[in-house]
Amino acid sequence: MSDLSTGALFGLLGLLILLSALFSASETAMMALNRYRLRHLAEGGRPAARLAQRLLERPDRLLGVILLGNNFANIAASSVATLITLRLYGDAAIAAAAGLLTVVVLIFAEVAPKTVAALHPERIAFPAAVVLTPLLTLVYPLVWGINAVANLFLRALGVPLHRRDERLSSDELRTVVREAGGMIPKAHQRMLLHILDLEKITVNDIMVPRSAIEAIDLNDDWEDILAALTTSHHSRLPVYEGSLDKVVGVLHLRNVLHLIQRPGFDKDALRALLRAPYFIPEGTPVTQELLNMQAQKRRFGLVVDEYGDIQGLVTVEEILEEIVGEFTTPSPALGDEIRPAPDGGYLIAGSTPIRDINRKLHWQLPTDGPKTLNGLILEYLEDIPEPGTSLMLAGHPVEILQATGNAVKVAKVMPPLKRENDAAQD
């Protein structure tokens, strides 16, 4: 090296700093790669992505070859800088040259290239993988020896060397979906988040309550039964005898409407069309019940408690609406459960499920207790309120408009009050 001219030494120094910058950028880019996107690109047939994925399977070897090259470039650059300084300025300038080289390496071989690599990891990592793969093969014995010593030292310190579990928890997956930005349309984001939220709810949260179930009582007069069949807005109806807890089957109206006008069609003929009821234990997670319904080829189930009493009704449509939002037309017989009021509030039936209110109005009423607005009000007041009673419910002003002896029928609920700033509160 002493035979090289000073100009050649400066050129060699610049080349070594550039080499150090490339190794530094490669290290940051490889570690900053999104592993899930990398797996997608590798499975999609991108050769550079497959090389990068293979290198990241053994990060100790990858870091070994990168740091080996980086340290070689930095030490060689220091030697060349020292030789240049001795030629031009003598021994007295060696300290100043070391300080200057430190600044140059820090800026141009560390901070700047690593910043670029962190911002654009794929642009740096994929070309680097093409170079690092044969380089690792070339110096593998040296890298293996260095890693063996380093791993032995880490084991002596009690540091675990196994790879950490990279699987995402449900909460982490929610964060990924929320942070996806424009890559996932807003409507799709909502559906994905709703799917993840299904694991937190049970059939009790989404079922039609017992009091709102429309059913056929075989003990009624035949004319009343026919009227119920022809005016029903549901495709399937439970059929019982005397009490809803004595369900004898489920009737699909598609199988009966064309028979109503035929002579000889009576209760016995109706009973012959019934399908065995499908019962769901209360508290069953919605995700599990969806799988059960799929396996049983069911679209309709009755929720029962530990005593076998009917608590409510669940359909596949109810579960799907938890994912995609409401897509069915409300039954005209039931009327609108939530209606806007002129003053900006909403007239809400007491039997309306809290989850429906939150979903339709984008509110956050508590769902970890009672399932309906009536239940929420009664739990708060610990009494049956009279019409005209006002209360503050989870930040919402509420006025009772209609009530009977055992339940709130209609209440006017205002949007949540805006929280005053701290200065106003003081």
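The values are calculated or read from the model by the stated rules, or taken from the named source; none is laboratory data. Note that the structure is predicted; figures quoted are calculated from it, not measured. Glycine gets a Cβ as well: all are built from the backbone with ideal geometry, and neighbour counts include every protein chain shown.
Laid out as a table, the results:
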item: Which listed residue is in a helix (DSSP H, G or I) and surrounded by 21 or more Cβ atoms within 10 Å (Cβ to Cβ), from LEU12, LEU16; result: LEU16
item: Residue within region 172-189 that is part of a loop (DSSP other than H, G, I, E, B), among the polar types (S, T, N, Q) and within 20 Å of the chain's Cα centre (by Cα) present; result: no
item: Enumeration of residues in region 178-202 that are under 21 Å from ILE280 (Cα atoms) and touching a residue at least 40 places away in the same chain (Cβ under 8 Å); result: ILE195, ASP197, LEU198, GLU199, ILE201, THR202
item: Test set (1) more than 30 Å from HIS252 (Cβ to Cβ); (2) part of a helix (DSSP H, G or I); (3) not small (Gly, Ala, Ser) - ILE195 fails condition number; result: (1)
item: Qualifying residue in region 26-33 (condition: assigned to a helix (DSSP H, G or I) and either surrounded by fewer than 16 Cβ atoms within 10 Å (Cβ to Cβ) or not assigned by TED's automatic domain parsing to the domain that holds PRO141 (or both)); result: no
item: Exclusive hit being within 30 Å of ARG39 (Cβ to Cβ), outside the structural domain of THR287 (by TED's automatic domain parsing) and not in a helix (DSSP H, G or I), set LEU161, LEU136; result: LEU161
item: Selection within region 48-94 - within 21 Å of LEU152 (Cα to Cα) and of a type in the set (Phe, Trp, Tyr); result: none
item: Unique match (being at pLDDT 90 or above and either part of a loop (DSSP other than H, G, I, E, B) or under 26 Å from PHE126 (Cα atoms) (or both)) among ARG54, ARG37, ARG61; result: ARG54
item: Members of region 345-356 found to be of a type outside the set (Ser, Thr, Tyr) and under 12 Å from MET414 (Cα atoms), listed by number; result: GLY345, LEU347, ILE348
item: Pairs with Cβ under 9 Å, 6+ apart, first in region 253-264 and exposed (fewer than 10 other Cβ atoms within 10 Å of the Cβ), second in a helix (DSSP H, G or I); result: ARG262/ALA269
item: Single unsatisfied condition, THR389 versus (1) crowded, with 17+ Cβ neighbours inside 10 Å; (2) modelled with pLDDT of 90 or more; (3) closer than 17 Å to SER351 by Cα; result: (3)
item: Test result for HIS194, surrounded by 15 or more Cβ atoms within 10 Å (Cβ to Cβ), at pLDDT below 85 and not assigned by TED's automatic domain parsing to the domain that holds ALA407; result: yes
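One line per residue, one yes/no per condition, for (1) under 17 Å from LEU68 (Cβ atoms); (2) surrounded by 11 or more Cβ atoms within 10 Å (Cβ to Cβ); (3) among the acidic types (Asp, Glu):
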{"site": "LEU106", "(1), (2), (3)": "no, yes, no"}
{"site": "GLU110", "(1), (2), (3)": "yes, yes, yes"}
{"site": "ALA118", "(1), (2), (3)": "no, yes, no"}
{"site": "ALA129", "(1), (2), (3)": "yes, yes, no"}
{"site": "PRO134", "(1), (2), (3)": "yes, no, no"}
{"site": "VAL149", "(1), (2), (3)": "yes, no, no"}
